[in-house]
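We did not get these values from a lab; they are worked out from the coordinates using the rules stated. All of these numbers come straight from a predicted model, not from anything done at the bench. Heads up, the Cβs are rebuilt from the backbone with ideal geometry, glycines too, and the neighbour counts pull from every protein chain shown.
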Amino acid sequence: MKELEQRLPEFSWTRPYTIPISAYREGFRAFQQKFVMHRNYVLMVLFALLLLTFIYSAVQTLDNKMQYFLMVLCVAVICLLWYNPRKQRRMILDAAHELEGDQYIAMCDGNVLRIQTVLQEQTPAESPAEDAQQLPKEPPQEEESEEMPEEIPERIPETRIMLETAWIREMETFYLVCDGKRMFYILPKAALSEDTDAEIDL
């Protein structure tokens with residue numbers, strides 16, 4: 001599949017969209033190939049060369065126990081360099097399963113990509129008012145209770161990615177936006193379709 005690095009197109013606020021697990025899997029694999037696997041491959045080659053050197057040295061001096069320890073150490077490091085990226089991929093996919101169904105909206109002005117999580121409204125069956133009606137009523141208290149301050153509505157801060165320093169790759173069905181080596185974001189192309197040009201008032 002052809003993958004092109006490019007800038008993200010400009011668009012107004014999208015309709016709410018979800019991210020499939022397959023996109024997380026493909027996106028994180030590309031993220032690792034860019035920022036993790038190249039370094040790991042280089043280190044694996046270096047430790048493999050050291051391992052061969054220690055094997056040759058151990059054959060020459062069979063009574064040198066330090067050589068055997070260094071050989072085991074090299075094998076362990078090579079195994080960790082091979083295993084850790086796969087472990088991280090499983091952890092990311094496990095976390096993605098927990099986020100499956102969450103909705104997001106996004107917009108891009110050419111300089112900054114803004115992403116917000118759409119908070120799900122409570123259904124009538126889960127509303128606190130109905131739960132309160134089902135509880136037995138307590139007798140009125142003689143003393144007036146202090147007024148409690150109103151609860152502040154929960155709001156998830158939006159994410160802002162500066163595109164000047166971001167790494168962007170166009171995949172087949174989505175854009176992969178990497179905020180350096182720290183984080184990656186999936187932006188489905190379907191959310192940027194031309195029939196969703198109405199702005200969302202935030």
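Place the peptides 165-174, 55-64, 75-84 in order of packing, highest mean first, counting for every residue the other Cβ atoms within 10 Å and averaging per peptide.
165-174, 75-84, 55-64
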(request) Would you mind computing, in nm to one decimal, how far apart the modelled labels at ARG15 and LYS189 are, each placed 7 Å from Cα along Cα→Cβ? (result) 1.8
(request) Enumerate the amide H contacts of TRP13 below 5 Å, restricted to partners 5 or more residues apart or on another chain; note that Pro and chain-start residues carry no placed amide H. (result) ILE200
(request) Please list the non-local residues whose amide H lies under 5 Å from the amide H of MET171, H modeled 1.01 Å from N, same-chain partners needing a gap of 5 or more. (result) LEU176
(request) Work out how much length THR173 to ARG29 would gain on full extension: take 0.36 nm times their residue separation and subtract the Cα-Cα distance, in nm to one decimal. (result) 50.4 nm
(message) Name the residue from VAL36, VAL75, ILE19 whose Cα lies farthest towards the positive end of the charge dipole of the range 16-92, charges +1 on Cβ of Lys and Arg and -1 on Cβ of Asp and Glu.
(response) ILE19
(request) Let me know the shape class of the range 47-126, please: from the alpha-carbon gyration tensor, a ≥ b ≥ c as square roots of the eigenvalues, rounded when a/c is under 1.5, otherwise prolate if a/b is greater than b/c, or oblate. (result) prolate
(request) Provide the gained length on full extension for the span LEU50 to ARG89, in nm with one decimal, where the gain is 0.36 nm per separating residue minus the Cα-Cα distance. (result) 11.2 nm
(message) Can you classify the range 30-76 as rounded, prolate or oblate using the Cα gyration tensor, where a ≥ b ≥ c are the square roots of its eigenvalues, rounded means a/c under 1.5, and otherwise it's prolate if a/b beats b/c and oblate if not?
(response) prolate
(request) Grab the beta carbon distance between ARG182 and TYR41, set R0 = 25 Å, and tell me the FRET efficiency rounded to 0.05. (result) 0.70
